[in-house]
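The values are calculated or read from the model by the stated rules, or taken from the named source; none is laboratory data. Everything quoted here is computed from the prediction, not taken from an experiment. Using ideal geometry, Cβ is built from the backbone for each residue, glycine included, and neighbour counts are taken over all protein chains shown.
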Amino acid sequence: MLSTLRNPTFRHLFAAQIVALVGTGLATVALGLLAWQLAGDNAGAVLGTALAIKMVAYVTLAPVAAAVAERLPRRAFLVALDLVRAAVIAFLPFVDQVWQVYVLIFFLQAASAGFTPAFQAVIPDVLKDADDYTHALSLLRLAEDLEQLASPMLAAALLTVVSFPVLFLGTVAGFIASALLVVTARLPARAKAEPGHFWADVTKGIRIYIRTPRLRGLMVMEAAVAAAGAMVYVNTVVLAQARLGLGEEAVALAFAGFGAGSMLAAFLLPRILNRLEDRSVMIGGAALMVAGVALVPLVGSLPALIALWVVIGFGFSLTQTPIGRIINRSAREADRGAVFAAQFALSHACWLVTYPLAGWIGAGAGLSTAAVTLAMIGTAGLAAVWHLWPANDESVLPHDHPDLPPGHPHLVEHGEHHTHVVVIDDLHRRWPKAA
């Protein structure tokens, strides 16, 4: 897995991702403390609103940002968004009104909605070999999981010697360091796309997504994952402190179990994906998550909770890490950024629904009811995946083009009835019926 770091461009991008993640983790802790300073007992409502603003920005702006990115040099685009994020965070220590937090969070997440899909689309251009790309995805997944464990500990250590606004400075430093690392990376040029209308480019990724069977299956799988994952992210603190009567340390240990399960799966995935198809691995991971959430009503101790969260975390990584491979198979190089943005927007739309659902049902009807309801939603999603994502998921498909005139260059090159790798593009606007 570490062999991918021999590639200097990926090494710089991976380092940029790490410093940005650490900075983001520090900001998460500092934002919670800022909310408490501004709103006191209403801090939870402030953070909940900020989370909703984040999701809305992700869902609505990622496709727009992808269309903008196609018209700009990719290095300049990534660096500019890192600097925007640094500038926004630099203002947070000086706010004294809750509405100011909301405005800054919107601009911060708008920049992230552009940066993340564009960054994801660069990696397969840097690492052309499929095995190298798989190893890179696992490394990036490990980095995200380690950040969730390391950043709170780093923040706790810093807070023993500095006040919480200083944590924002660490975030600013992280984004500036990320920008410098991107500047020094030798990014491959973006593949040339046919010039098109801006709003057509905004919707391009979504159109490719909904017309590709495996991507339709992936979209429904993300709904199942979000249903199960929301139980973990929203209700862990309630499970540990209200149901089990434990302290804050138990909450941290439960989340650590989730992170450990996810890291273990990311470490094992390159070998697993050498033996099994992406579809089988991802469906298996989602099934683990759904089954784990269904067992939540039986949890009666901290060790049981941690063990269950390890299983759910393992399943989470099995479903999320191979996504880049699926998108890589399903789009032309010139369209990858748009499809990554569509994935980013659609997956966060699922979380935007399941986050409040997990909280409302848990608060109104109890944690067991919430767990069973979310597990049922996840099960329905898995059943839909089986239907939408065919098991014989071939990329090379026989088809013809009755819509093209005789003598069209595509027909001259391939013949009237032909077979080749199919992705949705201007010449293939519908998935071949032969599939």
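Looking only at helices (runs of 4 or more DSSP H) that lie completely in the stretch 327-435, which have at least 1 residues being outside the structural domain of Ala67 (by TED's automatic domain parsing) and under 29 Å from Gln109 (Cβ atoms)?
Numbers: elements: 336-365, 367-388, 409-414.
Counting at least 1 such residues, we get 336-365, 367-388.
List pairs: first in the stretch 117-134 and surrounded by fewer than 21 Cβ atoms within 10 Å (Cβ to Cβ), second modelled with pLDDT under 85, Cβ under 6 Å, 6+ apart or cross-chain?
Once the first residue is surrounded by fewer than 21 Cβ atoms within 10 Å (Cβ to Cβ) and sits in the stretch 117-134, its partners that are modelled with pLDDT under 85 give Asp125/Pro188; Asp132/Thr4.
So which residues in the stretch 225-241 are surrounded by fewer than 24 Cβ atoms within 10 Å (Cβ to Cβ) and either outside any helix (DSSP H, G or I) or not aliphatic (A, V, I, L, M) (or both)?
Selection gives Tyr233, Asn235, Thr236, Gln241.
For the subset of the stretch 64-79 comprising residues that are of a type in the set (D, E, K, R) and part of a helix (DSSP H, G or I), which member is nearest to Ala118 (Cα to Cα)? It would help to see each step written out before you state the result.
Step one: list which residues in the stretch 64-79 are of a type in the set (D, E, K, R), which gives 70-71, 74-75.
Filter once more, so that each one left must be part of a helix (DSSP H, G or I): 74-75.
On the way: Arg74: 8, Arg75: 10 Å.
Per the stated criteria, the residue is Arg74.
Which of (1) modelled with pLDDT under 90; (2) touching a Leu at 6+ places or on another chain (Cβ under 9 Å); (3) in a helix (DSSP H, G or I) is the odd one out, the single condition Met219 does not satisfy?
Answer for Met219: the failing condition is (1).
Could you list, in sequence order, all residues of the stretch 327-345 that are among the hydrophobic types (A, V, I, L, M, F, W, C) and crowded, with 22+ Cβ neighbours inside 10 Å? Working first, answer last.
Applying the first criterion (among the hydrophobic types (A, V, I, L, M, F, W, C)) to the stretch 327-345 yields 327, 331, 334, 338-342, 344-345.
Correct list: Ile327, Ala331, Ala338, Val339, Phe340, Ala341, Ala342, Phe344, Ala345.
Let's see how each residue does on (1) assigned by TED's automatic domain parsing to the domain that holds Ala358; (2) under 21 Å from Thr319 (Cα atoms); (3) without any contact (Cβ under 8 Å) to a residue 24 or more places away in the chain:
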residue	(1), (2), (3)
Ala227	yes, yes, no
Val232	yes, yes, no
Val237	yes, no, yes
Leu244	yes, no, no
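Just one of the numbered conditions (1) of a type in the set (D, E, K, R); (2) in contact with a Gly (Cβ under 8 Å, 6 or more places away or on another chain); (3) within 15 Å of Ala179 (Cα to Cα) is not true of Asp82; which one?
Exception for Asp82: condition (2).
Tell me, please, whether a residue that is outside any helix (DSSP H, G or I), closer than 30 Å to Gly359 by Cα and in contact (Cβ under 8 Å) with a residue 12 or more places away in the chain can be found in the stretch 30-52. If you could, list the steps in order and put the result at the bottom.
Pass one, the stretch 30-52, residues outside any helix (DSSP H, G or I): none.
No.
Residue-wise test of (1) over 20 Å from the mean Cα position of the chain (by Cα); (2) surrounded by fewer than 19 Cβ atoms within 10 Å (Cβ to Cβ).
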site	(1), (2)
Thr9	yes, yes
Ala35	yes, no
Tyr58	no, no
Ala69	no, no
Arg75	yes, yes
Leu78	no, no
Pro93	yes, yes
